[in-house]
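The values are calculated or read from the model by the stated rules, or taken from the named source; none is laboratory data. Quick caveat, the model's predicted, so the values are computed rather than measured. Ideal geometry is used to build each Cβ from the backbone, glycine not excepted, and the neighbour counts take in all protein chains shown.
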Amino acid sequence: MSNRQDPVWRFLLPSLVFVGVFSLYPILESFRLSLYRMILTLPWLGQKFVGWENYRDLVTDPVALGSLSTSMIFVAVTTPIEVLLGLAMALVLNESFRGRGWLRAIVLIPWAVPTVVSSQMWRFIFNDRYGLFNYLLYGDATQLYWAPLAEPGLALLSIMVADIWKTSAFAALIILAGLQGIPGELYEAASIDGASAWRKFRHITLPLVKPALLLALLFRTIDALKVFDLVFVMTQGGPADTTNLLQFYGYKKSFAEGMIGYGSAIAVVVFLLSFFLSVLYIRLLGTGLLRKAQQT
């Protein structure tokens with residue numbers, strides 16, 4: 001009996017080592033560092049154990065609280081829009097028409113573009129002197145016009161637009177996989193009964209694709225909480241910290257200011273937020289899969 005189990009462990013061991021080294025260890029090390037006061041610019045001070053002091057400072061830090069609020073707004077706005085756009089694109093790509101394969105490839109281009117590249121592209125689009133945005137509004141990109149990335153009320157919105165443009169295709173890919181798993185016989189039976197397209201979508205497509213929707217929402221929520229590239233390239237957290245998302249604020253504290261302990265505390269908070277939201281979505285996903293199994 002043990003001989004049969006040994007090959008299984010041999011196959012699992014590389015994956016367990018990979019997860020432990022590249023996922024579990026950084027998480028535990030970040031938590032350990034968050035309990036210490038360590039400043040890279042003052043290495044002679046060493047590591048001083050301060051317990052939960054970094055977390056207490058985090059709760060009373062107005063910039064950190066503002067970054068947390070901005071991150072929550074970013075997640076609350078971008079993720080539903082991305083999932084809805086992904087659902088719309090998936091519904092179109094699930095239909096049979098000539099050139100569907102080419103359209104699927106074209107839709108995935110924004111997601112395939114590296115985030116740093118797409119961020120630079122959007123930074124140029126919103127440039128106040130030579131950007132495409134001003135050219136479309138005024139017909140001239142050579143004069144100093146509107147600067148969305150320099151206005152507190154528009155900078156965060158500009159980053160949201162860039163994130164939605166890039167990642168909606170990823171949500172569409174997940175939802176499309178869910179749509180292709182719906183049996184065609186259900187639609188044929190509904191057509192025989194005289195159901196309209198809206199009734200088919202409401203009573204067949206939407207209930208059966210709900211697990212894929214929750215899965216797309218899960219992935220996009222976690223990624224939105226960890227957004228860094230867009231902010232780093234487009235605004236550097238400005239103007240006036242209006243785009244200073246929590247993940248980027250943790251980077252500034254850790255590497256720009258050298259406060260490794262405080263930055264690690266921010267990283268732990270981001271991880272805990274992602275973890276609790278993941279648990280919530282997974283429970284909802286499990287409920288949706290159970291209902292789907294009962295319906296089928």
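Yes/no per residue for (1) touching a Cys at 6+ places or on another chain (Cβ under 6 Å); (2) among the aromatic types (Phe, Trp, Tyr); (3) assigned to a helix (DSSP H, G or I); (4) within 27 Å of Leu246 (Cβ to Cβ):
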site: Leu85; (1), (2), (3), (4): no, no, yes, yes
site: Ala90; (1), (2), (3), (4): no, no, yes, no
site: Arg123; (1), (2), (3), (4): no, no, yes, yes
site: Asn134; (1), (2), (3), (4): no, no, yes, no
site: Phe170; (1), (2), (3), (4): no, yes, yes, yes
site: Ile174; (1), (2), (3), (4): no, no, yes, yes
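Among the residues in segment 69-81, are any more than 19 Å from Ala162 (Cβ to Cβ), without any contact (Cβ under 8 Å) to a residue 60 or more places away in the chain and either part of a helix (DSSP H, G or I) or touching a Ser or Thr at 6+ places or on another chain (Cβ under 8 Å) (or both)? Yes; the residues of segment 69-81 include at least one that is more than 19 Å from Ala162 (Cβ to Cβ), without any contact (Cβ under 8 Å) to a residue 60 or more places away in the chain and either part of a helix (DSSP H, G or I) or touching a Ser or Thr at 6+ places or on another chain (Cβ under 8 Å) (or both).
Taking the listed residues Val107, Val77, the one that is surrounded by 16 or more Cβ atoms within 10 Å (Cβ to Cβ) and modelled with pLDDT of 90 or more is Val77, with no other qualifying. Among the conditions (1) in contact (Cβ under 8 Å) with a residue 60 or more places away in the chain; (2) surrounded by fewer than 10 Cβ atoms within 10 Å (Cβ to Cβ), Thr60 misses just one, which is (1).
Looking only at segment 244-296, which residues are part of a loop (DSSP other than H, G, I, E, B) and either at pLDDT 90 or above or at positive phi (or both)? Result: Asn244, Leu245, Gly258. Which residues, counting only those in segment 228-251, are crowded, with 18+ Cβ neighbours inside 10 Å, among the hydrophobic types (A, V, I, L, M, F, W, C) and more than 20 Å from Ala150 (Cβ to Cβ)? Of everything in segment 228-251, just one residue is crowded, with 18+ Cβ neighbours inside 10 Å, among the hydrophobic types (A, V, I, L, M, F, W, C) and more than 20 Å from Ala150 (Cβ to Cβ), namely Leu246.
Does Gly51 meet the test of being over 25 Å from the mean Cα position of the chain (by Cα) and assigned to a helix (DSSP H, G or I)? When the stated conditions are applied, Gly51 does not pass them.
Pairing each residue of segment 142-163 that is over 13 Å from Trp122 (Cβ atoms) with any residue that is modelled with pLDDT under 85 and in a loop (DSSP other than H, G, I, E, B), provided the two are 6+ apart or on different chains, yields C-beta distances under 7 Å for Thr142/Tyr130; Leu144/Asp128; Leu144/Arg129; Tyr145/Asp128; Trp146/Asp128; Ala147/Asp128; Ala150/Asp128.
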